[in-house]
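Here's the structure, in structure tokens; my notes come after.
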Amino acid sequence: MLGQLDLSVLKPSLPFLWTGLKFSANLTLIAMSGGIAIGTLLAMARLGKSRPLTAVASAYVNLMRSIPLLMVILWFFLVIPLIIGKPIGAEYSALITFTAFEAAYYSEIMRAGIQSVAKGQVMAGYALGMTYWQTMALVVLPQAFRNMIPVLLTQTIILFQDTSLVYAIGAKDLLKAADIAGKNYNRPVEMYLFSAVIYFALCYTLSSIVKRLQIKLAVVR
Amino acid sequence: MKYHWNWGIFFEQIKYGDETYLSWLISGLGWTVAVSLASWVIALLLGFAIGTVRTTPRTWLVRLGNAYVELFRNIPLLVQMFLWFFVVPEFLPRNLSLWVKQEMPAKEFVTATVCLGLFTSARIAEQVRAGIQSLPRGQRMAGLAMGLTLPQTYRYILLPMAFRIIIPPLTSEFMNVFKNSSVAFAIGVLELTFQARQMQEDSEQGIETYLAVTVLYFVCAFIANRMMAFIEKRSRVPGYIAAAK
């Protein structure tokens with residue numbers, strides 16, 4: 001019952017949980033940056049003129065989006081060591097997996113973002129004598145990003161929650177740290193609850209900020 | 001890349017026992033489908049109820065619904081699995097707690113289903129709310145003006161239209177349920193991902209194993225998609241949104 005909760009175990013395990021949280025946060029930030037970069041390229045490939053590029057990009061995105069993330073994590077953990085010929089460790093494997101996986105989801109967002117930019121903008125860019133890359137980098141993408149900031153951030157919150165799935169390959173994120181601490185102190189109930197509270201506090205704060213941002217950006221437009 | 005291929009592995013016997021690996025995967029598929037469909041039913045019922053409540057004029061009901069959605073949306077699914085499995089039984093009354101921990105039949109399956117069902121219901125509630133709010137205000141007003149009560153207005157006017165509007169997001173949610181059911185492996189449900197890990201360790205034929213499991217998930221998602229497309233087609237209202245064809 002509630003009275004039996006022993007909250008005194010939280011304090012000694014805090015440094016340990018902090019290391020876990022730092023890994024979760026790093027994983028989120030790296031997968032976000034890498035995912036948005038690769039995702040933008042994928043989106044450009046899907047919207048571009050080259051048929052084979054479009055086909056490859058859509059196949060990749062659709063494939064990633066129709067498999068459970070857990071299976072993708074297991075796949076990468078199995079296949080990367082086979083390809084490079086040596087074990088790589090759960091943490092690095094997680095970094096690569098999440099970047100590759102999230103790129104598919106970010107690319108769908110960026111595709112919508114690019115399509116939300118008025119056609120005249122692209123034509124104006126070409127009319128000014130800009131090349132494709134210049135038009136993209138200087139005219140289209142800045143506007144696409146701006147329009148999609150709230151959606152990109154919402155996806156990042158989902159990404160942060162999904163990082164807990166690295167549990168399956170034993171990488172030490174926040175949840176795994178709570179799991180281990182719970183076993184060490186023989187207090188799993190307190191530790192699972194505490195990790196849930198941390199996740200909730202972080203995600204709720206972030207999504208409230210995104211909501212406000214959404215209103216702010218909507219007014220400007 | 002050195003890898004010993006063995007596509008016949010599925011018909012070979014497991015190391016200790018007389019089952020084949022194929023039988024592991026088939027039973028895994030069975031549990032995946034069972035968990036997914038059962039939680040989908042819970043999610044639809046609860047999701048529609050809570051989503052509807054969030055559009056009523058009762059402020060306290062709206063707040064309660066919002067809190068419910070925020071709670072389930074801001075905690076990772078895997079953490080929720082652990083909460084339902086390890087934490088919730090501790091907070092039940094003593095006798096019930098003992099029963100849940102020791103005697104409840106198919107404990108892992110029931111826990112995973114409840115967890116995934118409630119998790120998905122919060123997402124459906126959000127879609128239902130958006131669907132109802134996307135209807136023109138006049139629809140509700142007309143219903144009330146004709147003398148229908150508020151529940152009648154919802155039953156005969158708002159919900160039937162909102163349901164049709166949100167079929168596309170419901171479709172992806174239905175596919176998500178199958179994908180998310182993979183998380184149930186963590187509390188020991190013997191579903192596809194669990195069997196994939198087990199078969200990979202036992203047979204050391206990881207690529208064949210994962211390929212087969214990936215294809216099975218793919219098929220699940222595809223069938224889910226076609227089922228929803230069928231419902232979408234059959235429930236079209238002539239002269240409304242995507243009905244023209």
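The values are calculated or read from the model by the stated rules, or taken from the named source; none is laboratory data. Please read all numbers here as calculations on a predicted model, not as lab measurements. All Cβ positions, glycine included, derive from the backbone under ideal geometry; neighbour counts span all protein chains shown.
Of all residues in the range B:72-98, those that are more than 7 Å from chain A (Cβ to nearest Cβ) and within 21 Å of A:THR28 (Cβ to Cβ) total 5. Evaluated against (1) more than 21 Å from the chain's Cα centre (by Cα); (2) of a type in the set (A, V, I, L, M, F, W, C); (3) part of a helix (DSSP H, G or I), B:TRP5 falls short on exactly one condition, (3). The lone criterion from (1) away from every other protein chain (no Cβ under 13 Å); (2) touching a residue at least 60 places away in the same chain (Cβ under 8 Å) left unmet by A:PHE77 is number (1). Scanning the range A:37-66 for residues that are under 21 Å from B:ASN176 (Cβ atoms), surrounded by fewer than 21 Cβ atoms within 10 Å (Cβ to Cβ) and in contact with a helix residue (DSSP H, G or I) (Cβ under 7 Å, 6 or more places away or on another chain) yields a total of 5. Do we have A:ALA178 as part of a loop (DSSP other than H, G, I, E, B), aliphatic (A, V, I, L, M) and more than 8 Å from every other protein chain (Cβ to nearest Cβ) here? No. Restricting attention to the range B:45-70, the residues that are within 12 Å of another protein chain (Cβ to nearest Cβ) and over 17 Å from B:GLN127 (Cβ atoms) total 1.
The rows are residues; the columns are (1) touching a Lys or Arg at 6+ places or on another chain (Cβ under 7 Å); (2) within 12 Å of another protein chain (Cβ to nearest Cβ); (3) modelled with pLDDT under 90.
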site: B:ALA184; (1), (2), (3): no, yes, no
site: B:LEU192; (1), (2), (3): no, yes, no
site: B:SER203; (1), (2), (3): no, no, yes
site: B:VAL213; (1), (2), (3): no, yes, no
site: B:LEU216; (1), (2), (3): no, yes, no
site: B:ILE231; (1), (2), (3): no, no, no
site: B:SER235; (1), (2), (3): yes, no, yes
site: B:PRO238; (1), (2), (3): no, no, yes
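For the range B:62-102, a residue qualifies if it is outside any helix (DSSP H, G or I) and under 23 Å from B:VAL183 (Cα atoms), and the qualifying residues are B:ASN74, B:ILE75, B:PRO76. Taking (1) away from every other protein chain (no Cβ under 14 Å); (2) surrounded by fewer than 21 Cβ atoms within 10 Å (Cβ to Cβ) in turn, B:SER172 satisfies each apart from (1).
For the range A:33-48, the tally of residues that are outside any helix (DSSP H, G or I) and at pLDDT 95 or above stands at 0. Residue pairs whose Cβ atoms lie under 9 Å apart, separated by 6 or more positions or on different chains, with the first residue in the range A:101-128 and closer than 27 Å to A:LEU29 by Cα and the second among the acidic types (Asp, Glu) and buried (at least 17 other Cβ atoms within 10 Å of the Cβ), are A:PHE101/A:ASP162; A:GLU102/A:ASP162.
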